[in-house]
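None of the figures in this text is laboratory data; all of them are computed from the coordinates on show. Predicted, not measured: the structure shown is a model, and the values here were computed from it. As a convention, Cβ positions derive from the backbone with ideal geometry for all residues, glycine included, and neighbour counts pool all protein chains shown.
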Amino acid sequence: MIRKIVFLLLFIWPSLLVQAQVLKDLDSLKFIQLVDKLFIDHDINNYSFRLFTNYKYKQFSVKNETGFRARFVPNNKFGVGFGVASSKLLIDIAFNVKTNTDDVTHRFDMQGTSIIGKKNYVNFYVQTYKGFNVKNNFGAPFVFRDDIRSVTVGFNYLRTIPDIEFSYSMLKAGIDHLDRKVYITGGIGAFGFYDYFSARGDILSDLPEASFNEEARIRRYNSTAVGVLGGVMSVFRLHGDFTASCNIMPGIGLTYKHVTLHDGTYKPSNPILLKMDYTFAVGYNVKRYYVSLIYGGGVYTTDLDFDNDYRFNLTKAKLAIGYKIGSGKKTYHYR
């Protein structure tokens with residue numbers, strides 16, 4: 001029951017953080033007007049149609065005090081797709097490319113970013129994976145395990161101190177007509193997630209018994225975490241028609257963890273979790289076209305006791321080429 005309550009609060013928390021802003025708007029605007037304000041851009045010059053290719057995945061690993069590490073890496077990391085972008089909303093639809101048809105990772109991976117109002121940055125992700133390559137750093141053969149399953153759901157929220165005048169979300173949409181060379185903002189916020197993995201036997205059953213102790217041979221792992229973070233977001237105008245962006249968001253949190261083994265269960269005693277999220281982007285923008293390249297991810301690590309550490313990584317990259325639907329006239333639209 002306690003875990004269910006914590007899990008519920010985890011997903012209510014982001015809405016509570018922006019509730020004050022929304023209620024303030026609802027006092028003076030009808031619902032349709034609020035949707036129009038938050039999501040509808042009335043300047044046709046800010047709209048574009050885009051094609052893209054992407055690369056994203058979630059992997060996790062277990063490492064012991066001797067330095068032995070087992071990594072669980074999915075296949076089929078690439079995708080292609082299309083989308084529509086404006087200064088307020090970007091919708092991309094991607095199709096996974098199954099380059100490995102023998103050892104297929106079945107996956108659902110949704111990651112999104114939104115800016116609400118002038119000070120609220122929200123990032124969220126929902127990921128389910130089934131089928132992982134089991135890799136290691138001590139010479140044992142690599143194998144593919146179709147029985148290993150992983151589920152991760154989470155969010156990051158940042159409340160900035162100065163207003164968000166320009167963001168890499170606008171860079172992605174090809175709207176980067178800057179009147180200053182540097183835009184920097186930062187603030188504090190919160191994050192939370194639910195993380196799970198499981199296997200039919202245990203996740204290390206194909207590796208030599210001497211490489212890990214019994215407490216690392218996990219059949220099922222559940223964790224729920226909440227924490228605080230700080231962050232800095234920046235955009236730089238480069239020479240010519242190039243723009244660059246860098247976002248860094250470190251954080252620390254408390255984690256409830258439950259580990260199931262072959263012959264019992266245990267709850268790791270150290271609740272501390274450390275994380276680091278990052279995004280780097282470069283854009284090229286001319287009258288009718290734009291190109292954006294974005295690479296980002298997150299690293300989350302915690303202690304499992306018995307000299308074992310657990311870490312999961314979220315990684316994504318996207319190369320997009322956009323065609324501007326409007327006249328191509330320069331518009332200076334900031335938020």
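So here's what we get for this one:
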| quantity | calculated |
| --- | --- |
| For region 32-324, size of Cβ-based charge dipole, Lys and Arg +1, Asp and Glu -1, in debye | 800 debye |
| Under the Karplus curve 6.51 cos²θ - 1.76 cosθ + 1.60, θ = phi - 60°, whole-Hz ³J(HN,Hα) for region 286-296, x wherever Gly or Pro sits | 10, 4, 10, 10, 8, 10, 10, 10, 10, 9, x |
| Region 118-150 and region 215-266: distance between their alpha carbon centers, rounded to Å | 13 Å |
| Counted charge near residue 261, where neighbours are those whose Cβ lies closer than 11 Å (Asp, Glu -1; Lys, Arg +1) | -1 |
| Relative pair counts by distance (%), Cα atoms of region 32-324, 5 Å bins | 1, 5, 11, 14, 16, 15, 12, 9, 7, 5, 3, 1, 0 |
| Under Karplus coefficients 6.51, -1.76 and 1.60, residue-wise ³J(HN,Hα) of region 246-252 in Hz, glycine/proline x | 8, 10, 10, 9, x, x, 9 |
| Sequence-distant residues sharing a close amide H with residue 97 (under 5 Å, placed H) | 78, 79, 80 |
| Average silhouette area of region 196-335, convex hull of alpha-carbon atoms, in square nanometres | 12.5 nm² |
